[in-house]
Amino acid sequence: MKPILDNLVEMTGHRDHLRLEVSVLSTLQKLASIKEVRALEVFHRDGVQYVRPRTWIENGQLVSTASDAQSDPRRQPVAHYPALLACIAQREASAKDSPDKGTHRLWLPVWMHDEVHTCLEITQSRPFSAHKLDVIKGVFHVYQNYQSLLDYSERDALTGLFNRKTFDEQFSRQSASGDGGAYVDAGELVGTQDSADPGQEPVRQWLAVVDIDHFKLVNDRFGHLYGDEVLILVANILRSSFRSHDRIFRFGGEEFVVLLRSTTLSTAHKVFNRFRQAVQEYHFPQVGQVTVSVGFASTQQGAPVEILGRADQALYYAKEHGRNQVCFYDELVAQGHLQAKVANDDVELF
């Protein structure tokens, strides 16, 4: 019992969903007779519900991926696992199956906001005893409750997006030179992810700062209730405009930040402009038309405060030169519109 308690103490010491997920899998892996543990991501594509492995054991080491679930070749329809499909459809707490001789599998869906986005999968060589199930479910319930607490602390109360505190933690970790943890991140690589073909654009990470144009006028003219509705609707457009493994944050007021992962500069331009146009074309109740300005920068070089400062400079250039546009920091520097070097103490964060 003591090893389990020690692992629970270690598990609840994390303040990050991915590390918590890795920790619970590590705890379950140490139980007797367990052959394999995985965290599966549950998502929809073209009206079909899929699962794909997100965290698993490989060569004795926990591996996690942040790659796009929609294009992951390892994804499989949930329908391939009838017991799991029925479990999710009937909103049950767990499901068991024995696909082959000597393989017994247990699924534990993680329910949050009336949806399943994650499912723990535990496989062992013999049937699960009642005592073993009690232990596993006890560990799982601690994990699920702690996930809910983390989710509440990480979210903006109005829009449901990640908050500024979560951005500081996630972006600092992504920008660090090495993780130093007990697992390998197979998808969230730091810095440049250059293409193997020198003729192709390099694949990189991008940070964008988004600001709603003339938002103060919305509040002054229509009231804060409609202003809040605009914020919620813009947050919804942000969610639908980016991939599941991109990250969207509300910084407060009318300002949002997007971390766009693993894409080229030309694609980043297209994605940010597609979002800008979606906002422009949306009819906001009572308010009518709303526009946004976007400034973005590469996360390849510099400390987090410098990268954020560059995107912020590009944003304010966009706002001072007509609004309702997307500006890239490096292009503004190359054109002589901005100074190339910004010292940390020259950046004013908000």
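Within region 248-273, residues that are open to solvent by less than 10 Å² (accessible area, probe 1.4 Å) sit with their Cβ atoms under 9 Å from residues that are polar (S, T, N, Q) and assigned to a loop (DSSP other than H, G, I, E, B), at 6+ positions apart or across chains, in these pairs: Phe249/Asn163; Phe256/Thr159; Leu259/Thr299. Condition test on Gly60, is it surrounded by fewer than 13 Cβ atoms within 10 Å (Cβ to Cβ), out of contact with any Lys or Arg (no Cβ under 6 Å at 6 or more places or on another chain) and closer than 29 Å to Arg247 by Cβ? In short, no. With the condition kept exactly as written, say whether any residue in region 118-125 is among the β-branched types (Val, Ile, Thr), buried (at least 17 other Cβ atoms within 10 Å of the Cβ), within 21 Å of the chain's Cα centre (by Cα) and not in a helix (DSSP H, G or I). Yes: region 118-125 contains one or more residues that are among the β-branched types (Val, Ile, Thr), buried (at least 17 other Cβ atoms within 10 Å of the Cβ), within 21 Å of the chain's Cα centre (by Cα) and not in a helix (DSSP H, G or I). The number of residues in region 229-262 being assigned to a strand (DSSP E or B), closer than 14 Å to Val209 by Cα and in contact with a strand residue (DSSP E or B) (Cβ under 9 Å, 6 or more places away or on another chain) comes to 11. Selection of region 279-300 for residues being open to solvent by 40 Å² or more (accessible area, probe 1.4 Å) and part of a helix (DSSP H, G or I) yields Gln280, Glu281. Exactly one residue out of Ala318, Ala303 is surrounded by fewer than 21 Cβ atoms within 10 Å (Cβ to Cβ) and either closer than 30 Å to Leu225 by Cβ or at pLDDT below 95 (or both): that is Ala303.
If I filter region 66-117 down to residues being closer than 29 Å to Thr263 by Cα and hydroxyl-bearing (Ser, Thr, Tyr), which single residue comes out as least open to solvent (accessible area, probe 1.4 Å)?
Once the filter is applied, the top-ranked residue is Ser67.
Quick one: Glu10 ticks every box in (1) within 26 Å of Lys165 (Cβ to Cβ); (2) modelled with pLDDT under 85; (3) crowded, with 18+ Cβ neighbours inside 10 Å except a single one, so which number is it? The one condition Glu10 does not meet is (3).
The values are calculated or read from the model by the stated rules, or taken from the named source; none is laboratory data. All figures in this text were calculated on a predicted structure; none of them were measured in a lab. Every residue, glycine as well, gets a Cβ built from its backbone with ideal geometry; the counts of neighbours run over all protein chains shown. The accessibility values were calculated without ligands, DNA or RNA, using every heavy atom of the protein model including side chains. Shrake-Rupley method; radii C 1.70, N 1.55, O 1.52, S 1.80 Å.
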